[in-house]
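Encoded as structure tokens, the structure appears first; notes follow it.
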Amino acid sequence: MGKKVLICILVGACFCLAGIAMADNGPAEMVLQAEKDKAKKPKPAVFPHAKHQEFAKCADCHHSAEGGKQVAYAEGQEIQKCEDCHFKGSEMPKKLDSFKGAAHVNCKDCHKKAAEEKPELAEKFKKCMPCHPKS
């Protein structure tokens, strides 16, 4: 009987540890800052990652590329920095050839849709705030 209890405890502990490992959803808050284009002194963007996870799917923001084409996020995929692909000279379309460009296309488009669905957000998303707060 004691062995069965011990085995159950060990199996339960393994499931708990696996659950903890799989529950890594990244940091709750992030500061997004272009690194490769420092000459222009880009403004950092404050990104409430956990808040976005409440309503967005990982694939809404994260993706990879295969053969030059965007491929949607798949569970367990390594999350790379946007700049690994989005940088000047990357052969991306002009509006996506920088971290700033890619972020603005993705974020502004989503904020526009959110403001259309919830008009109370329209004024908040009209400006560079809340993403680029004044220091």
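Below is a table of values for the structure above.
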{"item": "Selection count, the stretch 99-135, where residues are in contact with a His (Cβ under 7 Å, 6 or more places away or on another chain) and touching a residue at least 40 places away in the same chain (Cβ under 8 Å)", "result": "1"}
{"item": "Any hit, the stretch 90-101, residues being in a loop (DSSP other than H, G, I, E, B) and within 19 Å of Met30 (Cβ to Cβ)", "result": "yes"}
{"item": "Residue match in the stretch 63-83 (condition: assigned to a helix (DSSP H, G or I), surrounded by 13 or more Cβ atoms within 10 Å (Cβ to Cβ) and on the phi < 0 side of the Ramachandran plot)", "result": "yes"}
{"item": "Residue list for the stretch 114-132, restricted to those being outside any helix (DSSP H, G or I), among the basic types (Lys, Arg) and closer than 18 Å to Ala103 by Cβ", "result": "Lys127"}
{"item": "Of all residues in the stretch 48-99 being of a type in the set (S, T, N, Q) and under 24 Å from Pro133 (Cβ atoms), the one that is farthest from the chain's Cα centre (by Cα)", "result": "Ser98"}
{"item": "Residue within the stretch 70-79 that is acidic (Asp, Glu), over 21 Å from Ala114 (Cα atoms) and at pLDDT 85 or above present", "result": "yes"}
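This table checks each residue for (1) within 23 Å of Asn25 (Cβ to Cβ); (2) in contact with an Asp or Glu (Cβ under 7 Å, 6 or more places away or on another chain); (3) at pLDDT below 90.
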site	(1), (2), (3)
Gly68	no, no, yes
Glu117	no, no, no
Glu123	no, no, yes
Pro130	yes, no, yes
Pro133	no, no, yes
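Matching residues to (1) at pLDDT 85 or above; (2) in contact with a strand residue (DSSP E or B) (Cβ under 7 Å, 6 or more places away or on another chain); (3) farther than 21 Å from Gly101 by Cα:
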residue	(1), (2), (3)
Leu6	no, no, yes
Ala28	yes, no, yes
Leu32	yes, yes, no
Val46	yes, yes, no
Gln53	yes, no, yes
Lys81	yes, no, no
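The values are calculated or read from the model by the stated rules, or taken from the named source; none is laboratory data. Since we're looking at a predicted model, the values are computed, not measured. Because the Cβ atoms are built from the backbone with ideal geometry, glycine has one as well, and the counts that use them run over all protein chains shown.
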